[in-house]
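> Here it is, the structure in full.
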Amino acid sequence: MKPAFYVCAAIMLAVALALVLVPLIRRGRREGRPVGVFALALALAFVIPVATIGLYMLVGTPQTLDGVAKAEPPPSIDEAMAGLSARLAQHPDDLQGWLLMGQAQGMLHQFTQARDAYGHALDLDAGNGVAMVGWAESDSQSRPDHLIDGRARELLDKAVQVDATNQRALWLLGISDFQQGRYKEASATWRKLQPLLDPSSNVAAAVEQQIAAADAKASGKADEPAAGATPPALDVQVAVAPALKSKLAAGDTLYVYARAENGPPMPLAVAKLDAGKLPASVVLTDGMGMTPQFKLSSAERVFVGARISKSGQAIAQPGDLEGDAGVVSTSTRDPIRISIDKVH
């Protein structure tokens, strides 16, 4: 078979997949599903045709059956990213390439690089809604305080002006208002988002929780302690799995954190410790939040995790060591045990 045959076959498969995936992606966006789902769908649209052609070449040609030819292994994520970077270096005006790079870097938790990629996209198309929201979200994730202000806020406002149904922009604008203490505005923004979501989705439940929290803050009721209520104090005990102890190095930093089960990504409480003193214990309390508006007592259930940072940064980086205890109640007084047993 000539190479042209394989190229044509791959194109035909990609088109067929697009006819199926595009309606699903549009429906998913209306239901408020995360950007990562759409990126995965796009990745499948590329990977499946290539894998299909590779399989045909492996088992469908006489040369391979005779043991003459061998299939090339699929590219790794690093190789795929390197290939995309090389293409963008040669074609810096490739808008879709920069958007794909921004999404990929975001999925890899490389938020500074993601923001830069979306910045290139905005240079090419200043009114691109995906780029505006992507830049704002990446900027927030790359900041230790996770605040959404400055250019990020301006871009989100513009994104909603361009498309009043931009779900991600509305969600982030509400978070920005909440961070700044504009609780009535936050509630009003999230109420605009509600009709755009599938009422049975997790996103809709998270938005409903945040509206209730904003309304309570606006009325002042959120700051009134219940009679006899005890402020949350999560006793977290962290150890490193034996298989990863050899990966510890001098200067590593341990972060122990709790974030809302459903809601903004910023931690409600975080502690910074010397990883060299593991195993370690720490009590997470209301006074350990990153902003006064978001604290442990504002959530009934939280995800509790720990990360050993090689760079010292709070944002996860490749090579960091991680572990978690899953979701727990903020009222628990039992010890919460975490084994750091994964490599980011």
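> Which FRET efficiency value, to the nearest 0.05, do you get for residue 158 and residue 82 by plugging their Cβ-Cβ distance into 1/(1 + (r/R0)^6) with R0 = 35 Å?
Efficiency, from the Cβ-Cβ distance: 0.60.
> Quick one: if you stick a label point 7 Å off each Cα along the C-beta vector at residue 277 and residue 233, how many nm between them?
With each label placed 7 Å out from Cα toward Cβ, I get 1.9 nm.
> At a probe radius of 1.4 Å, what is the per-residue accessible area of residue 234, in Å² to the nearest 10?
Around 0 Å² of this residue is reachable by solvent.
> I've got another one for you. FRET efficiency for residue 91 and residue 317, Cβ-Cβ distance as r, R0 = 30 Å, nearest 0.05?
Once rounded, the FRET efficiency stands at 0.60.
> In straight Cα distance, which lysines are under 18 Å from residue 217, not counting same-chain residues fewer than 8 positions off?
184, 295
The values are calculated or read from the model by the stated rules, or taken from the named source; none is laboratory data. Note that the coordinates shown come from a computational prediction; the quantities given were computed from them, not determined experimentally. Cβ sites come from the backbone with ideal geometry, for glycine too, and all protein chains shown count toward neighbours. All accessible areas refer to the heavy atoms of the entire protein, side chains included, with ligands and DNA or RNA removed. Shrake-Rupley method; radii C 1.70, N 1.55, O 1.52, S 1.80 Å.
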